[in-house]
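Working notes, structure below.
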Amino acid sequence: MAFVKMDATAVQKIRNGTEEDIISLLDEWTQKNAQTFTFSDITDDVKEKVTESLFARLSQKASSKFHCLCLQTLRLFSREKTRLGSMITDNGLVHFMRLAGLEHYAKQGEADNGITIQLGDAEVTIEAQKCLCNLIFNSVQAQAACSKNGCVEGIVQRLKTYKDPDLKFDIKFYDMRLLFLLTALCADTRPKIRFELHGFTYLIEVIDLILRDAEARDDGLTDQEVDLCSEILKILFNLTVTVDRNNLDEEEEAHMMRLVCVLRDLLLCKTASKDKREEIISHTVNLLINMPRDCYEELLAPMAEVDLSGIENKEVEYDGKNMEAVVILLNFLYERLDRPSKSLKESLTPILHCLCETCRANRSIRKFCRMKVLPPLKDEVKHLPEEGSTLRNRLCKLLTSPILEVKELAADFLFVLCKESVNRMVKYTGYGNCAGLLANRGLMLGGQSQGQGDYSSDSEDSETEEYSNMADSVNPVTGRYEVEKPKPWEGMTDEQKEYEAMKLVEAMDKLNRQGIIQPSVLGEDGRPQTVSHILELLENQPNPPPAGGSSDD
């Protein structure tokens, strides 16, 4: 039996056929095309006529199955980025909104209390939501229309009803997917949601409600709850990504502090599966980057009698504060470093950026992270800083990564932990590893970073006896203890030394002319400056800064 086709015959059947005939036709066609994303076998004229005929049928009373199949057909059509026709007209979009329960009725001059939401059959609602998601994703016209036609207001209004146990998860999920797409693709929806509709507060309350339900069950977040929280966190990221974190009024700052408290609870909450836990932490990390500096204190809390994360209290208590959330962030970084990834940039840059922000902003977090990442050096100084499996070793290895963003963020994180002290950075990473950061900041001649004044001045000498005994033999370039070796030029005559030196100069000059290396000298600003000839390297070159300098808090 031949598969049904969307042609003139199908158009006539949809227009004039019985409900049973149309169900049979659409059921077969949607199953056949469930994984189809372009419909080159359907002409523009036929596709538009089918669309209009389906809209006409959706306006009539019929069974839930019939309406669902009509919407499933339109959903498949909406996958195409072109030829969307009447689906993206104002009338077409309002039709989908009505079926999705998002049609916005407001009396002129009235606020949100004039809005009524009509919610019909759940399966029909979900199919209509999916159609809107596709159309907003694929069409700029649909994006612009849905940001102004009451769709946003309808979603926020229904957001207030999420406590209702009868409201299906999929309806909540696709509401949030719609809101994510609109906030991502239509910048003008962000202030409307935050200030006019108070959506920021409602979104935080939904996450808090989910967390309280999970706590009451004492079994962690279900996979569905993680999915819903993840969508909300993505929306909150969009709402905060352009916020001026240094210029918030008291009310906005209070909302941000409340949000960081909720994010802390998300970090500590259990999940049904390991993959979902990684997903929720990842979205939480992304959002933490947008938070104002003063709000990071909310990640810390008084020590609780019961450790929710399964980590012993003695490992998370520092300076009288509960560092569970910070431990989870550090463990998340370690797991990302420990697991090979095809995209180091996407895997590592968010968590490195998050830790840089929190450590730079909060003294307690920085001191705790320094204790965990850069503990006082002992016998490990006998190995290269990048050798080994500790966080310090793995971060030092990133300092020479070919991925610029990863290299710079890893260097910045370590530099912040060192209170932006050049000597301390060299001590823990080796001059060779951190040369890129020092060059970018004009610190290759030593000195102080401009950010040095942002840190506390108190310091405790935590240098170990083991390190002190080996300090004189630590190579500042490699950062490793090295037994003194005989000098290669001992026993040479002056003529032999000059001959070997000229051979080295010629070899370097050849590499320079071939573009393999680009020799530089340090300028007065502490940054590298390219030389015109290799012999300029012999003039007025300073020694690298010493590896000494006591560690601090």
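For the reader, a short list of remarks on this structure follows.
- Given (1) within 23 Å of Gly150 (Cβ to Cβ); (2) modelled with pLDDT under 95, number of the condition Leu93 does not satisfy: (2)
- Checked against the criteria, Thr400 does not count as in contact with an Asp or Glu (Cβ under 7 Å, 6 or more places away or on another chain) and either of a type in the set (Ser, Thr, Tyr) or in a loop (DSSP other than H, G, I, E, B) (or both).
- In a residue-by-residue description of segment 47-60, the property of being free of Cβ contacts under 8 Å to residues at least 60 places away in the same chain, more than 19 Å from Asn134 (Cα to Cα), crowded, with 16+ Cβ neighbours inside 10 Å and hydrophobic (A, V, I, L, M, F, W, C) applies to no position.
- In segment 316-337, the residue that is surrounded by the fewest Cβ atoms within 10 Å (Cβ to Cβ) out of those that are assigned to a strand (DSSP E or B) and in contact with a strand residue (DSSP E or B) (Cβ under 9 Å, 6 or more places away or on another chain) is Lys321.
- Some residue of segment 395-415 being over 20 Å from the mean Cα position of the chain (by Cα), buried (at least 21 other Cβ atoms within 10 Å of the Cβ) and either more than 22 Å from Lys345 (Cα to Cα) or among the aromatic types (Phe, Trp, Tyr) (or both): yes
- Residue in segment 428-445 that is part of a loop (DSSP other than H, G, I, E, B), free of Cβ contacts under 8 Å to residues at least 60 places away in the same chain and among the hydroxyl-bearing types (Ser, Thr, Tyr) present: no
- Selection within segment 375-397 - assigned to a loop (DSSP other than H, G, I, E, B) and closer than 19 Å to Met444 by Cβ: Pro385
- Taken over segment 482-505, the criterion of being acidic (Asp, Glu), surrounded by 11 or more Cβ atoms within 10 Å (Cβ to Cβ) and at pLDDT 85 or above is satisfied by Glu498, Glu500.
- Leading residue by the ranking (nearest to Thr73 (Cα to Cα)) among those in segment 130-172 that are basic (Lys, Arg) and not in a helix (DSSP H, G or I): Lys168
- Scanning segment 1-26 for residues that are surrounded by fewer than 16 Cβ atoms within 10 Å (Cβ to Cβ) and in contact (Cβ under 8 Å) with a residue 24 or more places away in the chain yields Phe3, Lys5, Asp7, Ala8, Arg15, Glu19.
- Scanning segment 28-38 for residues that are buried (at least 16 other Cβ atoms within 10 Å of the Cβ) and of a type outside the set (A, V, I, L, M, F, W, C) yields Thr30, Asn33.
- Check on Phe169, in contact (Cβ under 8 Å) with a residue 12 or more places away in the chain, touching an Asp or Glu at 6+ places or on another chain (Cβ under 8 Å) and of a type in the set (Phe, Trp, Tyr): no
- Filtered residues of segment 61-100 (kept if of a type in the set (Ser, Thr, Tyr), in contact (Cβ under 8 Å) with a residue 12 or more places away in the chain and farther than 21 Å from Asp121 by Cβ): Ser86
The values are calculated or read from the model by the stated rules, or taken from the named source; none is laboratory data. Treat the numbers as computed from the prediction; the structure is a model and nothing was measured. All Cβ positions, glycine included, derive from the backbone under ideal geometry; neighbour counts span all protein chains shown.
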